[in-house]
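To start, the structure itself, in structure tokens.
Just so it is clear, none of the values below were taken in a lab; they were calculated from the coordinates. The structure displayed is predicted, hence computed values, not measured ones. No Cβ is skipped: glycine too gets one built from the backbone with ideal geometry, and neighbour counts run over all protein chains shown.
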Amino acid sequence: MEKVSKRILSGVQPSGDLHLGNYLGAIKNFVSLQKEFECFFCVVDLHAITVWQDPKILKQKTREVAAAFIASGIDPEKNTLFVQSQVPQHAQLAWIFNCVARMGWLNRMTQFKDKAGKNSENVSVGLFSYPTLMAADILIYLATHVPVGEDQKQHLELTRDIAQKFNSDFKTDIFPIPEPLILGAATRVMSLRDGLKKMSKSDPSDYSRIMLSDSEEEIQKKIRKAKTDPLPLPDNIEDAKKRPEAINLLTIYAALNDLEVEKAVANYAGKEFSQFKKDLGELASAKLSPISLEMNKLMKDEKYLDSIISNGKERAINVAEPVLSKIYEIIGFFRD
Ligand code: TYM
């Protein structure tokens, strides 16, 4: 197979409203990386159904993620934007990887443990084998780099293990060993209600996260109401790191402004939270509201969105199909 040196794949689930963590940890980085890399950006609906999704809204949520990609600045002509379930090669390779990955590897996945909690006997088998599908998403394109938030790091390590084991079991070098790209100041955005909990789509409190679809007023209100401790802002980064809510808000400020966190801490050292929150609210709404406006516009133009998705499907299949075919040959599957 022809070797590629700079190819990205990344995915976002259509399982709820996109939030500031998805934007700062992933989508914002996709936008800057598109200049340098050949990119495949995928709406991972097969991953979404590892937990229950309402069939009445899944399609709409899928369009919404595609709209968020475009509204954030991803060029749908230059890059391949597509929906995972439309490219069957992902699921086909995932099955093969289920036979490569070891139970012990998957048993170590902390995200499964967090999501399953005490209910592990009752969650879907898909939730457990989720990371092998993620490895297939990446490796079916022979992607070399994967931009993600910090929470996906362990899944990326598993992907590397699967690629290595496949290559060594079958004495091939077909798969690259993909590098995670965990970039920017905010690689792990925390809840606005609890600085020790990750900002997530599944948190029951709307006030825990800023959604890409929030209005300017909602964004400012959520930041005003964000939990903080009673002290003024920290004087230095070491003190800031000991105060989970303070470091989270400072990190968000830094990431939105493309600053180092240290610089954000220095700008507000010793100041009151009221002033900082006002500035952060204004900054966040100024950065996010153009995205939300553009998303709303795109969501009204279903024809356009669907044509992008359908074009992406074709482009993705054109790359994925020959790779799968080569893998079948390597494994020794019957071919006619
Ligand atoms: P998902 O849909 O949960 O999140 C999409 C992206 O957003 C990042 N992210 C965050 N970053 C910083 N702070 C947060 N609080 C935060 N919450 C989410 C995630 O790290 C991710 O980059 N398994 C993936 C989807 C996936 C994928 C892939 C990613 C499927 N196949 C192949 C990369 C490559 C997931 O559930 O992301």
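Considering only the stretch 211-242, how many residues are of a type in the set (Asp, Glu), more than 20 Å from residue 294 (Cβ to Cβ) and not in a loop (DSSP other than H, G, I, E, B)?
2
Okay, residues lined up against (1) in a loop (DSSP other than H, G, I, E, B); (2) more than 11 Å from the ligand (Cβ to nearest atom); (3) on the phi > 0 side of the Ramachandran plot:
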site: 156; (1), (2), (3): no, no, no
site: 159; (1), (2), (3): no, no, no
site: 162; (1), (2), (3): no, yes, no
site: 168; (1), (2), (3): no, yes, no
site: 172; (1), (2), (3): yes, yes, no
site: 177; (1), (2), (3): yes, yes, no
site: 185; (1), (2), (3): yes, no, no
site: 195; (1), (2), (3): yes, yes, no
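Here's a check for you: in the stretch 138-181, which residue that is surrounded by fewer than 16 Cβ atoms within 10 Å (Cβ to Cβ) and among the hydroxyl-bearing types (Ser, Thr, Tyr) is nearest to residue 102 (Cα to Cα)?
Filtering first and then ranking leaves 168.
Return yes or no: is residue 143 within 12 Å of the ligand (Cβ to nearest atom), in a loop (DSSP other than H, G, I, E, B) and touching a Lys or Arg at 6+ places or on another chain (Cβ under 9 Å)? Full working, then the answer.
Values: within 12 Å of the ligand (Cβ to nearest atom): yes; in a loop (DSSP other than H, G, I, E, B): yes; touching a Lys or Arg at 6+ places or on another chain (Cβ under 9 Å): yes.
Yes, satisfied.
Need the failing condition index for residue 270 against (1) buried (at least 20 other Cβ atoms within 10 Å of the Cβ); (2) outside any helix (DSSP H, G or I), just the number.
The number of the failed condition is (1).
Mind telling me which of the residues 285, 274 ends up being of a type in the set (S, T, N, Q) and without any contact (Cβ under 8 Å) to a residue 40 or more places away in the chain?
Just one listed residue meets the conditions, 274.
Can you spot a residue in the stretch 115-124 that is under 23 Å from residue 87 (Cβ atoms) and either small (Gly, Ala, Ser) or surrounded by fewer than 22 Cβ atoms within 10 Å (Cβ to Cβ) (or both)?
Within the stretch 115-124 (the criterion being under 23 Å from residue 87 (Cβ atoms) and either small (Gly, Ala, Ser) or surrounded by fewer than 22 Cβ atoms within 10 Å (Cβ to Cβ) (or both)), the answer is yes, since at least one residue qualifies.
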